[in-house]
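Input: a single structure, listed below in structure tokens.
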């Protein structure tokens with residue numbers, strides 16, 4: 001059933017299951033903060049909550065405002081500290097804007113939005129995953145930012161497709177990441193396997209390399225066996241495959257399945273062939289580790305040389321494994337009909353349609369994504385900056401995995417795959433895909449039967 005904000009809203013929380021399937025969890029590492037709610041006071045707090053005032057200067061002026069912003073985000077204590085510092089910087093320009101800040105854990109984040117959305121009482125400004133935007137926009141809960149005089153969308157215009165609903169922009173991406181193939185470079189060296197050239201490699205090349213690693217008979221420090229690739233299930237790989245063969249999972253209008261059933265069968269046969277050859281672990285192992293966080297994944301515990309992940313999950317995997325981990329674009333990008341590896345917002349800022357101080361809210365969002373002052377504070381905490389000027393400001397100072405992520409996103413940006421609209425899925429896209437791949441890998445269906453089931457499920461998401 002298609003998830004709707006405002007009607008049976010609690011069901012939309014099923015989309016949050018994206019956080020726990022086959023390494024495709026919510027794309028920013030999350031730790032529950034110590035305090036669920038705090039209040040950031042302005043430099044000169046008012047005795048009563050001020051009504052919003054708009055400066056008399058030219059349209060787009062974002063200094064000297066007053067008003068109140070209820071602002072919610074998810075993330076760690078470290079993110080909360082950075083965010084509160086950025087709020088203070090905004091308040092230096094607007095000392096009469098009061099912030100009620102509400103950092104929470106990701107685990108209950110969507111449930112809370114669902115309840116508040118049903119009552120038309122969303123926070124004034126909040127962070128959101130891109131998968132949630134269309135439902136809230138179609139329910140009339142989000143401010144249309146398309147022609148906002150207070151948010152400069154021009155520098156990030158190329159990154160707005162996944163936050164555009166019916167031609168209107170309803171959220172502003174905080175930064176970018178991309179699906180990637182993580183590679184354990186130390187493991188390849190131990191196996192005597194050369195690092196592949198991701199500008200030319202094919203899916204056949206990938207299978208051969210993964211097989212060579214498995215055949216090397218490596219074990220991790222605990223004596224556990226190592227495979228070439230952890231898994232190829234979930235939305236990252238499936239969307240790349242659909243992009244490469246058919247130009248997208250759905251069509252450009254977002255109203256029909258674009259991924260051909262023949263290509264689905266090829267995809268399912270390919271991942272089955274990796275299991276059959278021993279390049280990938282058996283279905284039971286994939287299922288066991290597929291629901292774990294990146295640090296506990298097969299690559300995180302040094303039992304796989306390759307693993308699909310969002311690029312900004314590099315830090316978590318590298319830290320857990322203690323190995324030298326690299327980022328590669330997907331096989332087949334140079335050998336298929338279309339490029340498959342695409343860019344996506346790591347998360348977004350959205351503004352409630354009925355925000356109590358709409359000008360201040362818009363100015364604050366613009367500050368967060370376009371201000372050099374905010375960029376100096378936040379760095380790449382919410383993704384690689386999309387504004388070219390901010391990118392040039394931040395990236396030269398990055399080191400280690402952060403620098404790797406920025407370089408990878410810049411590489412993908414030079415030749416990105418297609419981004420097509422995603423429908424409002426009652427069951428999240430990742431679980432729809434995993435049900436079909438699991439059915440094939442566990443022998444419950446043939447690849448042809450699983451492909452038919454998958455196409456029906458994807459099409460059903462458009463009509464239910």
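No lab work stands behind these numbers, since they all come straight from the coordinates. Predicted model, so just to flag it, every value in this text is computed and none were measured. Positions of Cβ are backbone-derived with ideal geometry, glycine not excepted, and every protein chain shown enters the neighbour counts.
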Original post:
Given the rule -39500 (n - 2.57) for each run of at least 4 DSSP H residues, summed and divided by the residues of the chain, what is its mean residue ellipticity at 222 nm, to the nearest 500 deg cm²/dmol?
Top reply: -11000 deg cm²/dmol
Original post:
What residues from the range 222-246 fall in the zone where the backbone N is under 17 Å from a label point 7 Å along the Cα-to-C-beta line of residue 276?
Top reply: 232
Original post:
Any idea what angle helix 358-370 forms with the longest principal axis of the chain, computed on alpha-carbon atoms, 0 to 90 degrees, nearest 10?
Top reply: 50
Original post:
Once Rh for the range 311-359 is found with the Kirkwood sum over Cα pairs, what is the Stokes-Einstein diffusion coefficient at 10 °C and 1.306 mPa s, in µm²/s?
Top reply: 106
Original post:
How many percent of all Cα-Cα pairs in the chain sit more than 27 Å apart?
Top reply: 54
Original post:
At a Förster radius of 41 Å, what calculated FRET efficiency corresponds to the Cβ-Cβ distance of residue 219 and residue 85, to the nearest 0.05?
Top reply: 0.35
Subject >> Within the chain, percent of DSSP bridges classed antiparallel, to nearest 5 >> reply: 70
**OP:** Take the alpha carbon gyration tensor of the range 335-403, find the square roots of its eigenvalues, order them as a ≥ b ≥ c, and report rounded if a/c is under 1.5; if not, report prolate when a/b exceeds b/c, else oblate.
**Re:** oblate
Original post:
Label points 7 Å out from Cα along the Cβ direction at residue 403 and residue 63: separation in nm?
Top reply: 3.6
Original post:
Between residue 262 and residue 105, what length in nm is gained on full extension when 0.36 nm per residue of separation is reduced by their alpha carbon distance?
Top reply: 52.4 nm
**OP:** Enumerate the residues in the range 349-368 having an amide nitrogen under 14 Å from the point lying 7 Å beyond the Cα of residue 389 toward its Cβ.
**Re:** 366-368
Original post:
Convex hull over the alpha-carbon atoms of the range 289-442: what's its volume per residue in Å³?
Top reply: 172
**OP:** Report, to the nearest 10°, how far helix 203-215 tilts away from the longest principal axis of the Cα atoms in the chain, using its own Cα long axis and a range of 0 to 90°.
**Re:** 70
**OP:** Using Cα centres only, tell me the gap between the range 301-347 and the range 165-180 in whole Å.
**Re:** 20
**OP:** Using a/c under 1.5 as the rounded threshold, could you call the range 201-327 rounded, prolate or oblate? The axes a ≥ b ≥ c are square roots of the C-alpha gyration tensor eigenvalues, and prolate needs a/b larger than b/c, oblate otherwise.
**Re:** prolate
Subject >> Length gained when the stretch residue 147-residue 164 is fully extended (0.36 nm per residue, less Cα-Cα span) >> reply: 4.9 nm
Subject >> Length-normalised contact order of the chain in % [C-alpha pairs under 8 Å, at least 6 apart] >> reply: 26
Subject >> Shape of the range 360-464, Cα gyration tensor, a/c cut at 1.5 >> reply: prolate
Original post:
What is the extension gain from residue 78 to residue 456, computed as 0.36 nm multiplied by their sequence separation minus the C-alpha to C-alpha distance, in nm to one decimal?
Top reply: 131.8 nm
Subject >> Acute angle (nearest 10 degrees) that the helix 429-441 long axis makes with the longest principal axis of the chain, alpha-carbon atoms >> reply: 10
